[in-house]
Amino acid sequence: MSTAILVDGGFFLKRFRQVYPDIDGRNAQDMAKTFYRMAMAHLEKDEVLYRILFYDCPPLKKKVHNPVNQSLIDFEKLPGSQLRVQFHTELKKLRKVALRLGYLSNKNDWVIKPDKTKKLLKRATSVDDLKPNDVIYDINQKGVDMRIGLDIAALSLKRFVKKIILISGDADFVPAAKFARREGIDFVLDPMWNNINPALFEHIDGLRSTSPRPTGYRP
């Protein structure tokens, strides 16, 4: 039986340090090898890997000034951005792994963090008291969810696979999962031990995480 593994890259990278605290989250090569082992652990004895599809966005290539103190921020040179590029490079080297890249869009807007906004509205603080890290640059991921949905539909309709494993914690996948199941696809969700809405069990055929269970995890 042929199986495809689809991965929400943004979700994976957010969960990585929680489920793999002993792995150096600054070493792209170690991260890529750990990811590959986690994905391949999903395959049963009678299953053949069709492909691992990793969906993500390249880092933003832009320089902006923080509105609080006017400090220059070069997004391309941030440690997290450089690590993401290196991680993508390592993924390309792995057998049967394909990158599906969307893009980041921005409207050149800064947003005050929610906790600070609440204090401002309650007049517990003032704009003059804001620190540089109290604001964030508004960046939106584009094209990733659409690519995941389209690939699930294509894999199902063209009968390339009989089973799809989705590594994600986003409920936006539900319409695509329902479509795949109507086409006879066995649809399994791996939320990397992240709690999901109980209502989602109606739209999947199985729930399984192959990464280590985080300490203190409660379902």
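Before moving on, here are some points about what is shown:
- No other residue among Pro175, Pro212 is assigned to a helix (DSSP H, G or I), surrounded by fewer than 17 Cβ atoms within 10 Å (Cβ to Cβ) and touching a residue at least 24 places away in the same chain (Cβ under 8 Å) apart from Pro175.
- Flag if Lys77 is open to solvent by 60 Å² or more (accessible area, probe 1.4 Å), over 30 Å from Arg159 (Cα atoms), touching an Asp or Glu at 6+ places or on another chain (Cβ under 7 Å) and modelled with pLDDT under 95: no
- Restricting the stretch 181-196 to residues that are within 30 Å of Arg159 (Cβ to Cβ) and under 21 Å from the mean Cα position of the chain (by Cα), the residue that is surrounded by the fewest Cβ atoms within 10 Å (Cβ to Cβ) is Ile196.
- Members of the stretch 81-126 that are in a helix (DSSP H, G or I), within 30 Å of Leu6 (Cα to Cα) and open to solvent by 50 Å² or more (accessible area, probe 1.4 Å): Gln82, Arg84, Val85, Gln86, Thr89, Lys92
- Residues of the stretch 51-103 that are within 17 Å of Ile167 (Cβ to Cβ), in contact with a His (Cβ under 9 Å, 6 or more places away or on another chain) and in contact (Cβ under 8 Å) with a residue 60 or more places away in the chain: Asp56 alone.
- The one condition from (1) in contact with a helix residue (DSSP H, G or I) (Cβ under 7 Å, 6 or more places away or on another chain); (2) open to solvent by 60 Å² or more (accessible area, probe 1.4 Å); (3) assigned to a helix (DSSP H, G or I); (4) not polar (S, T, N, Q) that Phe16 does not meet is (2).
- Scanning the stretch 32-74 for residues being of a type in the set (A, V, I, L, M) and open to solvent by 30 Å² or more (accessible area, probe 1.4 Å) gives a total of 7.
The values are calculated or read from the model by the stated rules, or taken from the named source; none is laboratory data. Computed from a predicted structure; not experimentally measured. A quick note on method: Cβ atoms are made from the backbone with ideal geometry, for glycine too, and the neighbour counts reach across all protein chains shown. All accessible areas refer to the heavy atoms of the entire protein, side chains included, with ligands and DNA or RNA removed. Shrake-Rupley method; radii C 1.70, N 1.55, O 1.52, S 1.80 Å.
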